[in-house]
Structure formats: C-alpha cells, structure tokens
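To keep things clear, I will list the structure first and then write my remarks on it.
Bear in mind these aren't lab numbers, they're just calculated from the coordinates by the rules spelled out. Because the structure is predicted, anything quoted here is derived from the model rather than measured. Every residue, glycine as well, gets a Cβ built from its backbone with ideal geometry; the counts of neighbours run over all protein chains shown.
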Amino acid sequence: MVISALRITGRPDELVNAAACFGGGIQHYDLCGLLTGGFMSIGFTSGNFSDNKEKSEFVKKATRSYWQWWEERAPKHCFELRPKYSWDKENYKRMIQRVACKVEELIKPVIGNR
C-alpha cells in the first residue's frame, strides 16, 4: 500500500522503510499495518498541497473517512484480524484489495489519473 502511494506521488521508493515497524500491529499485534499503511498513504499524498489549509482539510477529511470506513468493516487490531485471515489467504488478498481501493478513492482527487 505504501509503496504504491509513494510511486503515484512521485516520492522515492526508499521511504517505504518508514513503514517497516508497522507490520504485525507495530510488532505487538496491535493497530493493523494495513490500517496504518492507509494513513501513511494519505500523509504522503498531502505533500502534493502547497497550501497548508488545503492540506489540513484534505488530511482531516480523508483520515476520518478512512477510519470510519475501516471501523464498519474490520477490527483495528492485528490480534483480532489474524485468526480470521492467517489461514485464509484468498480472503486476506480480498481484504488488501478492498483497502487499496478505498485508499485510492480517497487520494485520487489529489493525485489525478497517474
């Protein structure tokens, strides 16, 4: 998720390393890496704004929308998600696809059709 956001916003791939600590719920089975990766993607996209007020409005709106969307679909914590997805790889792939589509929907107005 993060590498895609970096590429479509024209940032260096190496910045993906900033997300390394989020896997496995920040290595404590806590907040899901897919959830935090989506937030990081929104953050990278906010760099496309030169106006701080517009940037702030975008981040607030996108973050709230993503959080609400997530809460309606899945638990926020890895320890709750892992039992459901660890043995069902197809279901996990579908979850990743749904998350990626939602993040793309939120950032596409800012990045256009790249």
Which members of segment 46-76 meet the condition of being over 22 Å from Met95 (Cα atoms) and either among the acidic types (Asp, Glu) or in contact with a helix residue (DSSP H, G or I) (Cβ under 9 Å, 6 or more places away or on another chain) (or both)?
Ser46, Gly47, Asn48, Phe49, Asp51, Glu54, Lys55, Ser56, Glu57, Phe58, Val59, Lys61
Of the residues that make up segment 37-46, is at least one in contact (Cβ under 8 Å) with a residue 40 or more places away in the chain, surrounded by 14 or more Cβ atoms within 10 Å (Cβ to Cβ), more than 17 Å from Glu104 (Cβ to Cβ) and aliphatic (A, V, I, L, M)?
no
Give the residue, chosen from Arg82, Arg98, that is basic (Lys, Arg), more than 18 Å from Phe22 (Cα to Cα) and surrounded by 13 or more Cβ atoms within 10 Å (Cβ to Cβ).
Arg98
Go through segment 40-62 and give me each residue that's within 17 Å of Cys101 (Cβ to Cβ) and polar (S, T, N, Q).
Ser41, Thr45
Can you pull out every residue in segment 1-39 that is in contact with a Ser or Thr (Cβ under 7 Å, 6 or more places away or on another chain) and under 17 Å from Ile96 (Cα atoms)?
Met1, Val2, Ala5, Phe22, Phe39
Of everything in segment 24-65, what is in a loop (DSSP other than H, G, I, E, B) and either touching an Asp or Glu at 6+ places or on another chain (Cβ under 8 Å) or within 22 Å of Ile3 (Cβ to Cβ) (or both)? Give them in sequence order.
Cys32, Gly47, Asn48, Phe49
